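Only one structure is covered here, and it is reproduced in the block below.
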Amino acid sequence: QVQLVESGGGLVQAGDSPRLSCAVSGRTFGSGSMAWFRQAPEKEREFVGSITWSTSNTIYADSMRGRVSISRDAALNTMYLQLHSLKPEDTAVYYCAARSLGSGSSSQWAYDYWGQGTQVTVSS
């Protein structure tokens, strides 16, 4: 059974730079890619960024570029999202997703597997 489990969320202060993790169990995605999305209250889920597993090539949403960075550790089968200088408007549930084949995509429909999400709440 494939599982994606996010961690690292919680209540943080504006300006903090937490790191989220997405641990994968049950398989690897060496031929595919993984991504982070987020969903704020009463808003649609939006793309944050993705990483192609084999090359570590990353793409980011224009609105997030410069404020986030994505990496992965193949040995731990884990993807990371480093958030920088958070603002209250970054409050959201952050989800990780994975696809078996293909490079990173900004479309949520491209991904086959999803985690349950981790809440990040940024206080001012």
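Based on the Stokes-Einstein relation at 25 °C and a viscosity of 0.890 mPa s, and on the Kirkwood radius from alpha carbon pairs, the chain is assigned a translational diffusion coefficient of 173 µm²/s. As a fraction of the 1.4 Å probe accessible area of the chain, surface on carbon and sulfur atoms comes out at 46 percent. Under a GNM of the chain (C-alpha, springs under 10 Å), which listed residue has the highest mean-square fluctuation: 83, 11, 101? Residue with maximal mean-square fluctuation among 83, 11, 101: 11. Hey, in the GNM for the chain with a 10 angstrom Cα cutoff, which one of 40, 75, 61 fluctuates hardest? Maximum fluctuation in the GNM of the chain, among the listed residues, is at 75.
The base-10 log of I(q)/I(0) for the range 42-112, evaluated at q = 0.18, 0.22, 0.25 Å⁻¹, reads -0.73, -1.08, -1.35 [Debye formula, identical scatterers on Cα atoms, solvent excluded]. Below 8 Å, C-alpha to C-alpha, sequence gap of six or more: please give me the relative contact order for the chain in percent. That works out to 37 percent. Heavy atoms of the protein chains alone define the surface here; on that basis the range 14-74 has 49 Å² accessible area per residue at 1.4 Å probe size.
The values are calculated or read from the model by the stated rules, or taken from the named source; none is laboratory data. Please read all numbers here as calculations on a predicted model, not as lab measurements. Accessible surface is based on the protein model in full, side chains and every heavy atom, while ligands, DNA and RNA are left aside. Shrake-Rupley method; radii C 1.70, N 1.55, O 1.52, S 1.80 Å.
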